[in-house]
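Data first, discussion second: the structure below is written as C-alpha cells.
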Amino acid sequence: MSWHPQYRSSKFRHVYGKAASKEKCYDCVPITRNVHDNHFCAVNPNFIAVVTECAGGGAFLVIPIKQTGKLDPHYPKVCGHKGNVLDIKWNPFNDFVIASCSEDTTVKIWDIPNQLLKRNITSPKKELLGHARRVGLIEWHPTADNILFSSGYDYKIMIWNLDVKETVISKPVKILDTHEDVVLSMSFNTDGSLLATACRDRKIRVLDPRAGTVLQEASYKSHRVNKVLFLGNMKKLFSTGTSRWNNRQIALWNQNDLSVPLLEEDLDGSSGLLFPIYDSDTHMLYVVGKGDGNIRYYEISPEKPYLNYLMEYRSHLPQKGIGMMPKRGLDVSACEIFRFYKLIPTKSLIEPISMIVPRRSESYQEDIYPLTAAAQPALTAQEWLNGVNKGPLLVSLRPGSGAVSSLPQFLEPEPLMKTTDLSQQQGWGGRMPLEEKQKPREIEDGRKQLKVEEKLPKNEQICLSNGFDIFECPPPKTENELLQMFYRQQEEIRRLRELVNQRDVQIKQLELELRNLYTDTGSY
C-alpha cells in the first residue's frame, strides 16, 4: 500500500533564508570565546549588543544597527562587570535600556545613549545583588514594565522589580527555590502568568512565578532537556535536548500534561546545542544549531501532526550564538518575516540572515503580518505583582499605521495605548486604515484644545510646543534628551508626510472618478 502525503496549504511553504551582503555585515567584532550555552547577542531596531572578549572582567559591545562594515578596534565597550558576561537582554519596552548578568554574581541594568558611544560605560543605572553564585540567565517579563527574572548557579530564580528609586537593589520581590540543579532555560507564556524552565536534572517544570509553586513537572527519562519554550497561546511546550543515544532531539509537550511528549524526533548526531525560537505571529518555529551553520524551520499547527517541517537554511560557517530582531524592526516591503544575527567567531563577523516569503507584489502583505506585540507595556510592575494578567498590546506593522518604535521613558505612551485599544475594537480583525485611525485622534485633540481655551482667561496664553504643554513636558535639559526629542519630531514629520501623500492619492482618485462621471453623462 503506497503512502500519499496529505496536501497542506500554507503561506510559509516557500520561506527562504537570505544572508546579507558583506557590506551589510558587522566585521572585526571580537566575539566572546566563552563556552556558556547562551545567545551572546541581543538586538532591537536601534542597536545590536554582543558579548565580547575582554582582558580582566567582562564586557559587551553596543553597536548602532545601521553602523555596518568594519568595527573600529578601539570602539567603546560596556564594561562594568568583574567577571565574564554570560547573558544580555534588551528591555522590550525601552530600546535604550539593556540588562546583563555575569560570573561576578551580579545583574546590572545599563542606560545606552542615543548617539555614538565616545568612551567606555562603566557605571550601571541599577545593580541587582542577591545571587550567591554566578548568574547565567536573565529574562524580561513580556507584558509588565520593569520586571526582570534572573537565574543563577545557586539553583534560584529571582524576580526583581526595577520600578524603584534605589540604584543598588539587594532584595528581590520573590525567590523561586524549586529547582534541585542549575536552570538551563526560562520561557514565559504570552501574558507572562506562567514560566517554563529546563533544568540540569533533566526535568521540565511549569511554574506560577508569583505563587512560587510548580504546576507541572516532567520526568521523562529518554529526553534529556536543554532548552524549553512556550509556543504562544497553543497550550504547548517545545524542548530541545538529547536522546539516550546522544542524538540531538526535539520534543513537543502538552503544557497541562508533561508525563509523555506529544511528539519526539531525533535530528542528527551532532554535539552542539539546539536553540528553539518561536514566532507566535506566523506560528513558525526555528531551530538553530550551535556549532553548525544550519537553521531548520517548522510550522506549528494545533492538530496532528503538530510539527510541519518547511525547510532548512544551510551555511558552511558555524554559529556560536544568535540574535533576533523584534518584529517592529523588520523590512515589510521585502516580505521579511524574521531576521537573525549570526555570530561567527572564526571570522569575527556578525551576519544578518533574513527569512523572506517570496511575493511578486511590492505592496504591504497583510496576510503575513498579523498584529504583533507593541513596544509599550500592558501592565505596571506593581499591577503584575498584585496578580493582574494582561496580554501584550498589539500594533500593525503597516507603514504609517502608528508608532511601533520603542519610546524613551520620559515620553508618555498613553496616546499609543488608546489608539491600540481603539484598533482592537474594530471589526476588521483589530485593524483600521490610517485615515480612520487619525480621525478620532484629531477630534480628540480638537476637543482638548477647545476645553483649554474655555478654561483660560483671554489675557492668558498657554505655551504649547508640538502639541504638548511645555509645563507638563519640560524642554530637554541634556544632550541625550534633546536628541530623543529631535528623533521623535522627525518621526512625527515622517508620519504627517505619509498622511499628506495618502490624501493626495485620494484626491487624484476622486478627480479621476469625477472626470469619468462627466464623460459618462456627456455621452448620454
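The values are calculated or read from the model by the stated rules, or taken from the named source; none is laboratory data. Being a predicted model, the structure only gives us computed values, none of them experimental. Reconstructed Cβ throughout: ideal geometry from the backbone, glycine too, with neighbour counts over all protein chains shown. Side chains included, ligands, DNA and RNA excluded: accessible areas come from the protein's heavy atoms. Shrake-Rupley method; radii C 1.70, N 1.55, O 1.52, S 1.80 Å.
Structure values in brief
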| read-out | value |
| --- | --- |
| Complete set of residues in the stretch 185-203 that are surrounded by 21 or more Cβ atoms within 10 Å (Cβ to Cβ) and within 22 Å of Asn247 (Cα to Cα) | Ser185, Thr197, Ala198, Cys199 |
| Residue list for the stretch 138-161, restricted to those being open to solvent by 10 Å² or more (accessible area, probe 1.4 Å) and either in contact with a Ser or Thr (Cβ under 6 Å, 6 or more places away or on another chain) or part of a loop (DSSP other than H, G, I, E, B) (or both) | Pro142, Asp145, Asn146, Tyr153, Asp154, Tyr155, Lys156 |
| Index of the failed condition, Asn94 passing every other in (1) assigned to a loop (DSSP other than H, G, I, E, B); (2) surrounded by fewer than 17 Cβ atoms within 10 Å (Cβ to Cβ); (3) in contact (Cβ under 8 Å) with a residue 12 or more places away in the chain | (2) |
| Criterion violated by Asp72 - all others in (1) out of contact with any Phe, Trp or Tyr (no Cβ under 8 Å at 6 or more places or on another chain); (2) crowded, with 23+ Cβ neighbours inside 10 Å satisfied | (2) |
| Residue list for the stretch 24-72, filter: touching a Leu at 6+ places or on another chain (Cβ under 7 Å), within 22 Å of Val97 (Cα to Cα) and part of a loop (DSSP other than H, G, I, E, B) | Val29, Asn38, Phe40 |
| Number of positions in the stretch 310-341 that are in a loop (DSSP other than H, G, I, E, B) and surrounded by 20 or more Cβ atoms within 10 Å (Cβ to Cβ) | 5 |
| Hey, Ala99 open to solvent by less than 30 Å² (accessible area, probe 1.4 Å) and in contact with a Cys (Cβ under 8 Å, 6 or more places away or on another chain) or not | no |
| Extreme residue, nearest to the chain's Cα centre (by Cα), among residues of the stretch 283-326 that are of a type in the set (Ser, Thr, Tyr) and more than 16 Å from Glu351 (Cα to Cα) | Tyr286 |
| Candidates Glu303, Glu299 - the one that is of a type outside the set (Gly, Ala, Ser), open to solvent by less than 40 Å² (accessible area, probe 1.4 Å) and over 30 Å from Asn94 (Cβ atoms) | Glu299 |
| Residue, nearest to Ala144 (Cα to Cα), within the stretch 371-384, restricted to residues that are open to solvent by less than 20 Å² (accessible area, probe 1.4 Å) and assigned to a strand (DSSP E or B) | Leu379 |
| Hits in the stretch 107-123 (condition: in contact (Cβ under 8 Å) with a residue 40 or more places away in the chain and open to solvent by less than 40 Å² (accessible area, probe 1.4 Å)) | Val107, Ile109, Ile112, Pro113, Asn114, Leu117, Ile121 |
| Count - residues of the stretch 357-370 that are in contact with a Lys or Arg (Cβ under 8 Å, 6 or more places away or on another chain) and either of a type in the set (Ser, Thr, Tyr) or crowded, with 19+ Cβ neighbours inside 10 Å (or both) | 3 |
| Sole exception among (1) more than 19 Å from Phe275 (Cβ to Cβ); (2) touching a Cys at 6+ places or on another chain (Cβ under 8 Å) for Tyr341, by number | (1) |
| Scope the stretch 242-277; condition in contact (Cβ under 8 Å) with a residue 24 or more places away in the chain, out of contact with any Gly (no Cβ under 9 Å at 6 or more places or on another chain) and not hydrophobic (A, V, I, L, M, F, W, C); matching residues | Gln255, Asn256, Asp257, Ser259, Pro261, Glu264, Glu265, Pro276 |
| Residues of the stretch 204-224 classified as open to solvent by 10 Å² or more (accessible area, probe 1.4 Å), outside any loop (DSSP other than H, G, I, E, B) and aliphatic (A, V, I, L, M), total | 2 |
| Boolean, Val168 is surrounded by fewer than 21 Cβ atoms within 10 Å (Cβ to Cβ) and in contact with a helix residue (DSSP H, G or I) (Cβ under 9 Å, 6 or more places away or on another chain) | no |
| Ile368 being under 30 Å from Thr52 (Cα atoms), among the aliphatic types (A, V, I, L, M) and in contact (Cβ under 8 Å) with a residue 40 or more places away in the chain | no |
